[in-house]
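Below is one structure, written out as structure tokens; comments come after it.
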Amino acid sequence: MGQKVRPTGFRTGIMLDWQSTWYAGKQEFGELLVEDVKIRDFVHKFVNKRVKQGRSGISRIRIERTREKVVVLIYSARVGVIIGKKGQEVDKLTKELEDLTHRHIEVKTMEVARPEVDAQLVAEDIADQLEKRQSFRRTMKRAIEQTMEAGAKGCRIQLSGRLGGAEMARCETAVEGSIPLSTLRAKIDYGFTEAKTAQGHIGIKTWINNGDFLDDEGDDNAANAQKSKVSKKPAWKSQR
């Protein structure tokens, strides 16, 4: 039995911020938690319907709540699809989310500048290629090369399922560079999706090492982590 931990969950609250930032009492907490899941699922379905080719290109969805409104931040490589012509799609999405939650919703789109080093977007790109009947080994190799060329320190891709149409499901892994999963200061991004092929679903997991949190001077989390570091005691010297 494996002891595997999701890298993002392992670092949340230490090096990474929460994907949902709000506070609620015991009576409201469960209801708001389920509402967050419904909002994320609805946004994914809404964008997928409007994408002509491939997947939605959504990296992650952050939700911030105040007493007055709910702010939904959508990080995507295809911001134009979400916004639409003259912002029509955003207005429609906002209205439908308000009908779903009965709250005042504000939708904000954030563009992912480097999709090649975003684990979720890399996993979705691999899924698109597999659904087009591309060779899984060639797809894995190409994805790793693109990620490493974009400046990543390491990349690991794992595919599970009936690979190549084989009768028996198996697991294939490709690794390049370093992926220190247990090092909290390492900026490990994780993504998962499924490719729906004719032979069955293929699970795709990606791990990408984007360097060190403490090397980013502009990162607030890194700055807080450096402040909380214990100062080194001076070496003890013998007195003669």
Strands (runs of 3 or more DSSP E) wholly inside region 119-206 that include at least 2 residues being without any contact (Cβ under 8 Å) to a residue 40 or more places away in the chain: 170-177
Only listed residue being under 19 Å from the mean Cα position of the chain (by Cα) and on the phi < 0 side of the Ramachandran plot, chosen from 93, 100, 16: 16
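Results for (1) assigned to a helix (DSSP H, G or I); (2) in the same structural domain as residue 130 (by TED's automatic domain parsing); (3) in contact with a strand residue (DSSP E or B) (Cβ under 9 Å, 6 or more places away or on another chain), shown as yes or no for each residue.
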position	(1), (2), (3)
43	yes, no, yes
63	no, no, yes
81	yes, no, no
87	yes, no, no
97	yes, no, yes
Those residues of region 45-61 which are in a helix (DSSP H, G or I) and touching a strand residue (DSSP E or B) at 6+ places or on another chain (Cβ under 8 Å), in sequence order: 47
Yes/no for residue 37 being among the hydrophobic types (A, V, I, L, M, F, W, C), within 17 Å of the chain's Cα centre (by Cα) and over 16 Å from residue 191 (Cα atoms): yes
Complete set of residues in region 99-118 that are free of Cβ contacts under 8 Å to residues at least 40 places away in the same chain, within 23 Å of residue 207 (Cβ to Cβ) and in a helix (DSSP H, G or I): 116
Unique match (being closer than 19 Å to residue 133 by Cα, modelled with pLDDT of 90 or more and surrounded by 14 or more Cβ atoms within 10 Å (Cβ to Cβ)) among 193, 206: 193
Options 160, 182; residue that is surrounded by fewer than 13 Cβ atoms within 10 Å (Cβ to Cβ) and under 21 Å from the mean Cα position of the chain (by Cα): 182
Count of region 11-35 residues which are part of a helix (DSSP H, G or I), of a type in the set (Gly, Ala, Ser) and in contact (Cβ under 8 Å) with a residue 24 or more places away in the chain: 0
Out of 42, 29, sole residue that is among the aromatic types (Phe, Trp, Tyr), within 29 Å of residue 131 (Cβ to Cβ), at pLDDT 90 or above and out of contact with any Lys or Arg (no Cβ under 9 Å at 6 or more places or on another chain): 42
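The values are calculated or read from the model by the stated rules, or taken from the named source; none is laboratory data. All values derive from a computational prediction rather than experimental measurement. In this analysis, Cβ positions are derived from the backbone assuming ideal geometry, glycine residues included, and neighbour counts consider all displayed protein chains.
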